[in-house]
Amino acid sequence: MLGSRRWVTRLGLCSDGCRDCRKFIDWIDGCRITEGLLASESAPVEDALCIRIRLDAIEALITMCKPYCEKLYPVQELLLTNFDSAIIGNVKSWLVHVIDTEKTEKEQRFVVRRGVDTTLDKWNETYACLPDLLSQLAEDELGKLRENIRTCGLIYFPLVGYLLKIPKVEVETPDIQLSELEFAFTDNEMAYYRNKTTRILDQRYGDVMYAIVDAETTIMHHLQDRLLIHTQSILQASQFVAEIDCLCAFAMAAKHMEWTRPKIVNENCIHIYKGWYPIQQTVSTNIIKNSFYSDGSKHKITLLTGPNGSGKSIYMKSIALIIYLTHIGSYIPAEGATISAFDAIHILTGTNSTERDNCSTYMMALQMASVALRNLTSKTLIIMDEFAKPVNKLELDALTIAMTEFLLLKNECPYTIIATHNHTILRQLQMYGPQVQYLTMRTVPHEGRVVCLYEAVNGLNLRSEAISTAHDTGLPKKITERALTLKDFLSTIPTHRMKNRNKKVRKVLKLVYGTDTGGSAMTLDKIFNSEFYELLESLD
């Protein structure tokens, strides 16, 4: 399947086939075909009116792709499922036969075409003749009214029926019962009445409009029932279009973003030559390309260091994304890559804060780590981007080291990339030799500050440069200068504490032994005194 997907991408790179496919897919435009067909009374009229065009596009797309059946797996799957290509044509003919497209668009409701149902046709003829009939009857009614009433009319209201209307200015009090007239209601200009003629009209014609709507609804339900029998074929065709759409997207991305075809091998390895992050390509013309190499025999653990803002996270994301794109059959944002088959990619980070299920950020990080560690194999990729960041630094170091040692000691060590600033981890992992490789994001000093080049190289850099990064991102200069002062002060606090503690220890030794270096001569009277106990308590 992956080979078939890459074949389609290559076909799209060297021909106009992808462009032609996109033309038909654009006609389909992601419409909810099954909703328009099977829920017509509630679906938007615009969707239903476009169904025929979209079915035409599906039919044309299937016809266009059939010659490539041997290479194009979506066509193979469509034919293997016993798909009846005549169904699309039948559905179109049913829709054309039943739905009056012009009137449906005009009235914004589903209108059944003339000739489908004789009873409905009679109701429609009656409704069409009503204006002339009511005008003629209104003239007869005018002759029966008093001489001071010079105009009147007959009108049909859906759900209300037929009424005689008289201008309010021509009747003194509209709600007074006139001869043979029964008052109904008034509006701003007219008073409405019932009489013998309107009652005859009600009995003879009834609520014409709603009789038409009910009949059309019944016919549409029959059409839906007919289409439901072929739902599976329609869904198969929709799935086919979705997969062709994805393959065209692969080809378009590869062509416009100049991606290359990766190579999948059986040996455990990740060899990425000059890869980049695709989103960076869309927002900047200056693309930084980085390589990454890791083999099954060595370097399965990678320790990535570098200052804040140097590009560690983007570098790791690009590696994971290239591996993922390789496994879905897409070309990749790299000049070349040889990658083994992976079974999972786990991203462990402490920056994705969430309140899902009332879990803290730390608990979510631990849950993700637990899933990764329980299901890992030698074909798993684990990325730890400052994992469990909210935890105390000492505990964070201990957790990271313990997890890394657990991975290193397993018979099937997964590929792991760890981003960190902590030198404690470095010292602990040095004993594992070639199993661990060390990469850092390259920086250069410039005018008293650090400039990040966003290039991954061999080496180590455990300085976070958080204050310098804050200055570069626009934090006020007063804040960064104050932060530097506090940093220098805070870094000396442990030294002062140790000096004070050492002085107190020497006092204890001098009090007990007579010298601050200690000795063997110690008397009880020197021990049991208040000064001795005060010094001991101050050491706690």
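The values are calculated or read from the model by the stated rules, or taken from the named source; none is laboratory data. Since the model is a prediction, treat every value here as computed from it, not as a measurement. Using ideal geometry, Cβ is built from the backbone for each residue, glycine included, and neighbour counts are taken over all protein chains shown.
The set of residues in region 110-131 being without any contact (Cβ under 8 Å) to a residue 24 or more places away in the chain and over 47 Å from the mean Cα position of the chain (by Cα) consists of 115, 118, 121, 122, 125, 128, 129, 131. Among the conditions (1) assigned to a strand (DSSP E or B); (2) surrounded by fewer than 21 Cβ atoms within 10 Å (Cβ to Cβ); (3) not basic (Lys, Arg), residue 302 misses just one, which is (2). Of the residues making up region 141-154, those that are without any contact (Cβ under 8 Å) to a residue 24 or more places away in the chain and either touching a His at 6+ places or on another chain (Cβ under 6 Å) or not in a loop (DSSP other than H, G, I, E, B) (or both) are 142, 143, 153.
Scanning region 395-415 for residues that are in a loop (DSSP other than H, G, I, E, B) and under 34 Å from the mean Cα position of the chain (by Cα), we see that the one that is surrounded by the fewest Cβ atoms within 10 Å (Cβ to Cβ) is 412. Restricting 327, 346 to those that are in the same structural domain as residue 435 (by TED's automatic domain parsing) and without any contact (Cβ under 8 Å) to a residue 40 or more places away in the chain reduces the list to 346. What are the residues in region 104-116 that are in a helix (DSSP H, G or I) and buried (at least 16 other Cβ atoms within 10 Å of the Cβ), if any? Answer for region 104-116, where residues must be in a helix (DSSP H, G or I) and buried (at least 16 other Cβ atoms within 10 Å of the Cβ): just 104. Identify all residues within region 135-154 that are over 11 Å from residue 170 (Cβ atoms), surrounded by fewer than 10 Cβ atoms within 10 Å (Cβ to Cβ) and of a type in the set (D, E, K, R); write none if there are none. Once the filter is applied, which keeps residues that are over 11 Å from residue 170 (Cβ atoms), surrounded by fewer than 10 Cβ atoms within 10 Å (Cβ to Cβ) and of a type in the set (D, E, K, R), region 135-154 yields nothing.
Are there any pairs with C-beta distances below 7 angstrom linking a residue in region 226-251 that is touching a residue at least 12 places away in the same chain (Cβ under 8 Å) to a residue that is basic (Lys, Arg) and assigned to a helix (DSSP H, G or I), with the two at least 6 apart or on different chains, and if so which? Correct list of pairs: 247/5; 248/22; 250/5. For the residues 126, 119, the requirement of being loosely packed, with under 11 Cβ neighbours inside 10 Å, among the hydroxyl-bearing types (Ser, Thr, Tyr) and assigned to a helix (DSSP H, G or I) singles out 119. Report yes if residue 155 is within 30 Å of residue 217 (Cα to Cα) and β-branched (Val, Ile, Thr), otherwise no. Yes; evaluated as a whole, the condition is true for this residue.
Residue 344 falls short on exactly one of the conditions (1) under 24 Å from the mean Cα position of the chain (by Cα); (2) at pLDDT 90 or above; (3) crowded, with 16+ Cβ neighbours inside 10 Å, and that condition is (3).
Residues are listed down the side, and each one gets a yes or a no for (1) loosely packed, with under 15 Cβ neighbours inside 10 Å; (2) in the same structural domain as residue 59 (by TED's automatic domain parsing):
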residue: 190; (1), (2): no, no
residue: 222; (1), (2): yes, yes
residue: 234; (1), (2): no, yes
residue: 248; (1), (2): no, yes
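The condition of being of a type outside the set (Ser, Thr, Tyr), modelled with pLDDT of 90 or more and surrounded by 18 or more Cβ atoms within 10 Å (Cβ to Cβ) holds for residue 163.
Restricted to region 182-219, and to residues there that are at pLDDT 85 or above and assigned to a loop (DSSP other than H, G, I, E, B), the residue that is nearest to residue 126 (Cα to Cα) is 195. Within region 166-181, the set of residues being assigned to a strand (DSSP E or B) and buried (at least 18 other Cβ atoms within 10 Å of the Cβ) comprises just one member, 166. Selection over region 269-287 of residues that are more than 27 Å from the chain's Cα centre (by Cα), in contact (Cβ under 8 Å) with a residue 24 or more places away in the chain and either more than 30 Å from residue 377 (Cβ to Cβ) or assigned to a loop (DSSP other than H, G, I, E, B) (or both) gives a count of 0. Test residue 92 against the criterion of being assigned to a helix (DSSP H, G or I) and at pLDDT 80 or above, and give yes or no. Yes; evaluated as a whole, the condition is true for this residue. Filtering 442, 427 for residues that are among the basic types (Lys, Arg), over 21 Å from residue 347 (Cβ atoms) and touching a strand residue (DSSP E or B) at 6+ places or on another chain (Cβ under 7 Å) leaves a single hit, 442. Taking region 86-103 on its own, how many of its residues are surrounded by fewer than 18 Cβ atoms within 10 Å (Cβ to Cβ), of a type outside the set (S, T, N, Q) and more than 23 Å from residue 121 (Cα to Cα)? Qualifying residue count, region 86-103: 2.
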